[in-house]
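Q: Got a structure for you, written out below as structure tokens; questions coming shortly.
The values are calculated or read from the model by the stated rules, or taken from the named source; none is laboratory data. Please read these numbers as outputs of a predicted model, since none were measured by experiment. We place every Cβ from the backbone using ideal geometry, glycine too, and count neighbours over all the protein chains shown.
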Amino acid sequence: MIEDPRTAEPPAPLPGTDKLFTLDPVAAHLNHGSYGTVPVPVQQEQERLRAEQERDPDGFFADLPRRVGAARTALAAELGTDPARLALVANVTEAVAVALDSVPLAPGDRILVTDHGYGAVTRAVHRRAEEAGAEVHTVRLPLDTPDEDAVREAVLAAVTGRTALAVLDQLSSPTARRIAGPGLLAALRARGVTTVVDGAHAPGMLPEPVEPDADFWFGNLHKWAFAPRATGVLAVRPEWAGKVRPLALSWEHHRGFPASVEWRGTYDYTPWLAAPAGFGLLRELGAGQVRRHNEALAAHGGAVLADRLGLEPLPATAGVAMRALRLPPGRGEGDEAAVAVMTELWRRHAVRTVVRPWPGGGVLRISAQVYNRPHEYGRLAAGLAELLSRRG
Ligand SMILES: Cc1ncc(COP(=O)(O)O)c(C=O)c1O
């Protein structure tokens, strides 16, 4: 799975992508994976919806349950899933809270997570475990774990008779690799383990993002599906639909899932209504072309950093538009040191990227989106070379 730096040719830019975004042209924005950025036509669609809302708030809100339902149906079709099992939510942070609140846990139960999990999600798991008297078991996956088979074996080896729940990433945030694939999820299901899958990066990135074997799967549409923030989706297996506990009880509660989870009183629902326009744009550009472009550009960026700086590329997952590389020992190992690297890359070189702390050398993650160009990874490499040439 490790790419050869000499073969990762950059892709040609996709036509029509030059003026699609409002990013500061001075900056090299190599961090689409964290917050996404909203394309101009989708920003305009949301502005149009907001103007409509402000012309007649009463009329707009009266018709919102219907319009949210229509957006959900459209988004379910884009995601290739059944609208009856899909709810719109604000983001993954909210979706994991709903899932953890809905799964019954007893004292002594075991919850599996991995050390590649997203920090806020793992913290939510710890709080839920504390409240239930359950125990969290963290599966350590060495950074050089070669492939999905090795990940599956490591997670399954940690399952015991007390394992009630596994909370796993579909594509991990710091290391940009697949953790929970169909094989692992089917095996956990066969062992009676409830699965909660964090698919934050999957919509727009993977052609079939929803994992049908996951009891709870959720993702963000504001990362790779070009939706306005805050648009997330939560898909549950049919047997859970009647057992989902919304975070807040509101007017639509009596209608059950998904409306009970979606409705949160007076709120700005325009991101959800504009979200189908994000998928529409992806289709206009050619979703397959966008995916191939982004993956090839991420591979190129990773190769540039490996080649020029000798950074160790971490195993990559096919189809993913991000790459992770290891900083040298002593660099970015703790929280403060990792933030210092990101801050310096921004202040001195106007490059946005992510460094996550890791013992033995922090992990640098780069992203690629249609607005990125190959020279931007060269700029990151030059900035990092300068930074690393100084004593750590
Ligand atoms: C794997 C993963 N999970 C969860 C999140 C949190 O997403 P949000 O802040 O939109 O809730 C992120 C965001 O980067 C992520 O990468």
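Q: Based on what the data block shows, is Leu380 without any contact (Cβ under 8 Å) to a residue 60 or more places away in the chain, closer than 30 Å to Leu281 by Cβ and buried (at least 22 other Cβ atoms within 10 Å of the Cβ)?
A: no
Q: Restricting attention to the range 49-98, and to residues there that are away from the ligand (no atom under 16 Å from the Cβ) and acidic (Asp, Glu), which single residue is surrounded by the most Cβ atoms within 10 Å (Cβ to Cβ)?
A: In this case the residue turns out to be Glu78.
Q: When you check Val290 against the structure, is it within 30 Å of Gly69 (Cα to Cα), modelled with pLDDT of 95 or more, touching a helix residue (DSSP H, G or I) at 6+ places or on another chain (Cβ under 9 Å) and not assigned by TED's automatic domain parsing to the domain that holds Met205, yes or no? Steps first, answer last, please.
A: Values: within 30 Å of Gly69 (Cα to Cα): yes; modelled with pLDDT of 95 or more: yes; touching a helix residue (DSSP H, G or I) at 6+ places or on another chain (Cβ under 9 Å): yes; not assigned by TED's automatic domain parsing to the domain that holds Met205: yes.
Answer is yes for this residue.
Q: So, one more: For the range 206-220, which residues satisfy the criterion of being touching a residue at least 60 places away in the same chain (Cβ under 8 Å) and in contact with an Asp or Glu (Cβ under 9 Å, 6 or more places away or on another chain)?
A: Asp215, Phe218, Gly219
Q: Of everything in the range 297-320, what is outside any helix (DSSP H, G or I), surrounded by 17 or more Cβ atoms within 10 Å (Cβ to Cβ) and among the small types (Gly, Ala, Ser)? Give them in sequence order.
A: Ala316 - this is the single residue of the range 297-320 that is outside any helix (DSSP H, G or I), surrounded by 17 or more Cβ atoms within 10 Å (Cβ to Cβ) and among the small types (Gly, Ala, Ser).
Q: Looking at Ala51, is it free of Cβ contacts under 8 Å to residues at least 60 places away in the same chain and either outside any helix (DSSP H, G or I) or farther than 17 Å from Trp224 by Cβ (or both)?
A: Yes; evaluated as a whole, the condition is true for this residue.
Q: Kindly indicate the residue of the range 22-48 that is of a type in the set (Val, Ile, Thr) and in a loop (DSSP other than H, G, I, E, B) and also surrounded by the most Cβ atoms within 10 Å (Cβ to Cβ) among those meeting that condition. Explain how you work it out, then say what you get.
A: Pass one, the range 22-48, residues of a type in the set (Val, Ile, Thr): 22, 26, 37-38, 40, 42.
Narrowing the set further to residues that are in a loop (DSSP other than H, G, I, E, B) leaves 22, 26, 37-38.
On the way: Thr22: 11, Val26: 6, Thr37: 19, Val38: 23.
Taking the candidates together, the pick is Val38.
Q: Please identify the pairs in which a residue from the range 168-183 that is near the ligand (Cβ under 9 Å from one of its atoms) has its Cβ atom under 7 Å from the Cβ atom of a residue that is assigned to a loop (DSSP other than H, G, I, E, B) and among the polar types (S, T, N, Q), counting only partners at least 6 apart or on another chain.
A: Pairs that qualify, where the first residue is near the ligand (Cβ under 9 Å from one of its atoms) and the partner is assigned to a loop (DSSP other than H, G, I, E, B) and among the polar types (S, T, N, Q), are Leu171/Thr317.
Q: Could you grab me the full set of residues in the range 321-343 that are in a loop (DSSP other than H, G, I, E, B) and either of a type outside the set (Lys, Arg) or over 17 Å from Leu143 (Cα atoms) (or both)? Can you show your working first?
A: First, pick out the residues of the range 321-343 that are in a loop (DSSP other than H, G, I, E, B): 321, 327-334.
Residues satisfying the conditions are Ala321, Leu327, Pro328, Pro329, Gly330, Gly332, Glu333, Gly334.
Q: Just name the residue that is nearest to the ligand (Cβ to nearest atom) out of those in the range 210-227 that are assigned to a loop (DSSP other than H, G, I, E, B) and more than 11 Å from the chain's Cα centre (by Cα).
A: Keep residues of the range 210-227 that are assigned to a loop (DSSP other than H, G, I, E, B), which gives 210-215, 225-227.
Next, only the ones that are more than 11 Å from the chain's Cα centre (by Cα) stay: 210-215, 226-227.
On the way: Val210: 15, Glu211: 14, Pro212: 20, Asp213: 19, Ala214: 14, Asp215: 17, Phe226: 15, Ala227: 11 Å.
Once the filter is applied, the top-ranked residue is Ala227.
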